[in-house]
Each structure stands twice: as structure tokens, then as C-alpha cells.
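Here is the structure we will look at.
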Amino acid sequence: MSIRRIPCILLALFICLAFSSQGLAEPESGDTSSQESPVVTSKIFIIIIDGLQDDVLQKTSAPNMNGMANTGIRASGVVSVYPDTAQATVASVLTGRLPAKHQFIKPGDQFNGLTLQGAMEQKKISTSFFGAEGELKKLLYRGGHNCSGPFNGKDELVINNLLNEWSQTQSYLNIIVLPELRSVINEYGIDSNEYKMAVTKTDNQVGRLFRKLHDENTFARSMIIITGTMGKPPLFVKGLPFKESIQIPPVSLCDIAPTIGYLNGAKLDQADGMILWNVLKDMPGQDENVLMKERVKDLSNANARLQEEMRRLEKEKVRVKEEQALVAREKENIQGQIRLRDQKIAGLENRISLYHIGFVAIIILLGLGYLILFRLLRKRYLMF
């Protein structure tokens with residue numbers, strides 16, 4: 001081999017290596033381009049409709065809410081809290097706590113706990129609250145955007161304020177309380193035509209929000225939760241992390257906050273509700289079996305707590321029965337003493353009556369004696 005040919009050979013080897021390295025790199029770059037970036041949730045809307053009843057909703061013209069329920073997740077039943085005042089229920093939905101824990105039940109009560117809005121704000125996640133009137137203002141977290149209204153108990157005004165402040169808030173978590181249906185129930189009743197028409201009217205207001213999301217092409221990427229506050233409320237859930245077009249077993253209103261908190265890394269301490277693992281889609285590292293195992297574990301723990309509570313209630317029941325027996329014995333003793341007292345009183349009354357009769361008899365005898373003596377003396381001394 002001549003010395004002149006060596007540079008040509010080296011150049012040819014260099015070109016081959018360059019092409020081969022490019023060929024190895026192409027599949028990797030091709031894989032990267034084929035992987036689409038994960039689609040994330042644009043916004044979360046928790047819509048709490050005070051007084052909304054699931055069975056009436058299904059029988060009434062409400063295309064927006066029923067349509068969302070058909071395409072998303074619908075609970076076959078929802079366990080509400082007691083007492084089911086508006087402030088107690090809204091607090092339970094936003095904290096995952098029962099009223100006995102958050103102690104926010106009636107006017108004048110001080111709220112005890114951390115709401116989902118507060119937990120999200122502590123994670124530096126922007127939030128907004130629309131529809132907080134009266135006592136509900138105590139649930140507002142100062143770090144979030146809290147609409148001041150006025151709302152005057154009208155669903156339309158709540159949505160008006162939401163849409164008017166849409167551009168300036170752009171919060172990730174949006175809590176919306178629609179208050180109007182409870183007043184209709186109180187005035188006309190659940191089975192009235194007035195209530196059915198009011199449900200349709202409320203659905204129209206929810207539809208205004210949906211239309212805004214559609215106009216911005218964010219409806220598909222938005223997480224929406226709709227529920228009520230009293231009686232038998234519904235629970236509809238739609239969003240990217242959730243399954244679609246399914247019905248799930250009964251859940252509790254207290255399950256909402258822990259589930260949303262889990263999905264956003266916002267932990268709510270001392271929550272009575274559980275994460276709804278069975279509504280989540282398969283996630284990386286967590287297939288359906290893993291999610292169901294987590295759900296079974298939570299349900300098992302909840303069942304253990306219920307069993308312990310039943311045991312405590314049984315012990316309390318035995319203690320109450322013992323106290324009732326003791327009270328019954330004391331009552332019988334007291335009634336015996338009362339009977340003895342009544343007998344003594346009756347005896348004294350009889351004796352007093354005899355004294356009265358005797359006194360009257362003595363007075364009568366003295367009067368008769370006086371008359372007889374008067375007649376005798378008059379006859380003897382006056383001689384007539």
C-alpha cells in the first residue's frame with residue numbers, strides 16, 4: 001500500500017463512521033418526535049349546587065349536566081352529611097371532613113380545618129371561589145381570588161361574576177357555589193313543578209360555563225365536578241385523569257376533596273373521605289390492579305373504622321341501657337317516696353278535716369248551750 005493512498009482510506013473510514021453514527025441516532029430522534037407531550041388539565045371546576053337532587057335531575061330537562069354525566073362518571077348514589085345545612089355541606093365537600101370535625105354547622109360557628117382551596121394555595125396553585133355569601137365567606141382562603149359578588153342568592157349572578165372576571169383570574173382551581181335551588185325546595189318542595197323548572201334554569205347557567213370552555217377549546221382538558229348538598233345529591237365527574245362513561249358504586253361527599261387533592265399533590269389532613277381510586281385511568285406505574293388494590297385498602301380501613309365505631313356504639317348502647325335501668329329504679333324510688341308523701345298529706349288533710357268538723361260541732365254545741373242557758377236564766381229571773 002502506498003503512502004499516498006493512506007489519507008484517502010482514512011477519509012473514507014471517517015465518512016462511514018459519520019453515516020453509521022447518524023443512522024444510530026435517527027431511531028432515537030424519531031422516537032422522541034413520535035412521543036407527544038402529555039396533555040394536562042387546563043382548569044378544575046368544582047360546582048356545588050345547593051339543593052340539587054339526582055332523581056329529579058334525571059327526570060328534568062337538564063341537557064348540560066345530564067350530558068356530562070353520560071360521558072363522564074356518575075355515582076349510583078351519594079351519601080350526604082348531617083346536618084345538611086348549606087355551610088356544613090359545602091365545608092365537608094371542600095375539606096373531606098364530616099361536620100363533627102370541621103364544626104361549621106350553623107350561623108355563628110367558626111370553621112375548623114383546611115379547605116381544598118387553602119391546600120392548593122399552599123402548593124402555589126392559583127384558586128378562585130365564586131358564590132360565597134353570608135357564613136360561607138368564612139371558608140374563603142385569603143391567598144386565592146375570592147369574588148365578592150353581589151350574588152343575592154341567584155345562580156345567574158354567580159355565573160355572571162365568574163364570566164366577568166374570567167380574563168383576570170384564570171385560576172387553576174375554581175370553586176363555584178350555586179345557591180338558588182335550596183330556597184325553591186323550602187318554598188315549593190322537591191316534587192313541585194317549580195323545583196323542576198328551577199333545575200332546568202340552573203342547568204342553563206352551568207351551560208353558560210360549558211359554552212365558555214368550548215369557545216376557548218378547553219372543555220375537553222378541563223376537570224369538572226358537579227354535586228349537591230342535601231337529600232340525595234348527584235355526583236358527576238369529568239376530566240383527563242378519570243374514566244369515561246361509567247357508573248360507580250355509592251360514594252360520599254367527603255370523597256371529593258381527597259381525590260382532587262391527591263391528583264394535585266395537595267394533602268388534606270384528618271379527612272374522613274377517601275380517594276376514589278376506582279375512577280382513575282391507568283397511570284404510569286399504576287395499572288388498574290394497583291388502583292383497585294389502593295381502593296380496597298382504603299375501603300378495608302374505612303370498614304375497620306366503622307366496625308370500631310359500631311363496637312363503641314354497642315358499648316355506649318349497653319352503658320345507656322344501664323343508665324336507663326338506674327334511672328328507672330331511681331324513678332320508682334322517687335315515685336314510692338311521692339306515694340308515701342301523698343299518703344301522709346292525705347292523712348293530714350283528713351285530720352284537719354276532722355278538726356274542722358270538731359271545731360264546728362263545738363261551736364254549734366256552745367251556741368245551743370248559750371241559747372238554752374239564756375232561756376233558763378230569762379225565765380228564772382225575769383219571770384216571763
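The values are calculated or read from the model by the stated rules, or taken from the named source; none is laboratory data. Model, not experiment: these values are computed from the prediction. Here the Cβ positions follow ideal geometry from the backbone for every residue, glycine too, while neighbour counts run over all protein chains shown. These area figures cover heavy atoms from the full protein model, side chains too; ligands, DNA and RNA do not enter into them. Shrake-Rupley method; radii C 1.70, N 1.55, O 1.52, S 1.80 Å.
Things to note:
- Helices (runs of 4 or more DSSP H) wholly inside segment 157-244 that include at least 3 residues being within 24 Å of the chain's Cα centre (by Cα): 180-188, 193-215
- Number of the condition not met by residue 188 [criteria: (1) at pLDDT below 95; (2) touching a helix residue (DSSP H, G or I) at 6+ places or on another chain (Cβ under 7 Å); (3) hydroxyl-bearing (Ser, Thr, Tyr); (4) surrounded by fewer than 16 Cβ atoms within 10 Å (Cβ to Cβ)]: (1)
- Residue within segment 374-384 that is at pLDDT below 90, outside any helix (DSSP H, G or I) and exposed (fewer than 10 other Cβ atoms within 10 Å of the Cβ) present: yes
- Test: residue in segment 59-79 that is polar (S, T, N, Q), farther than 19 Å from residue 202 by Cβ and open to solvent by less than 20 Å² (accessible area, probe 1.4 Å): no
- Members of segment 149-165 that are open to solvent by 10 Å² or more (accessible area, probe 1.4 Å), in contact with a helix residue (DSSP H, G or I) (Cβ under 8 Å, 6 or more places away or on another chain) and either in contact (Cβ under 8 Å) with a residue 24 or more places away in the chain or closer than 20 Å to residue 222 by Cα (or both): 153, 154, 156, 163
- Failed item, numbered, when residue 126 is tested on (1) open to solvent by 40 Å² or more (accessible area, probe 1.4 Å); (2) out of contact with any His (no Cβ under 8 Å at 6 or more places or on another chain); (3) not aliphatic (A, V, I, L, M): (2)
- Unique match (being open to solvent by less than 30 Å² (accessible area, probe 1.4 Å), within 23 Å of residue 89 (Cα to Cα) and either in contact (Cβ under 8 Å) with a residue 40 or more places away in the chain or touching a Leu at 6+ places or on another chain (Cβ under 9 Å) (or both)) among 263, 253, 276, 280: 253
- Any chance residue 232 is farther than 17 Å from residue 153 by Cβ and surrounded by fewer than 17 Cβ atoms within 10 Å (Cβ to Cβ): yes
- Complete set of residues in segment 79-114 that are touching a residue at least 60 places away in the same chain (Cβ under 8 Å) and more than 16 Å from residue 231 (Cα to Cα): 94, 95, 96, 97, 101, 113, 114
- Tally, over segment 129-145, of residues that are open to solvent by 50 Å² or more (accessible area, probe 1.4 Å) and under 18 Å from residue 42 (Cα atoms): 1
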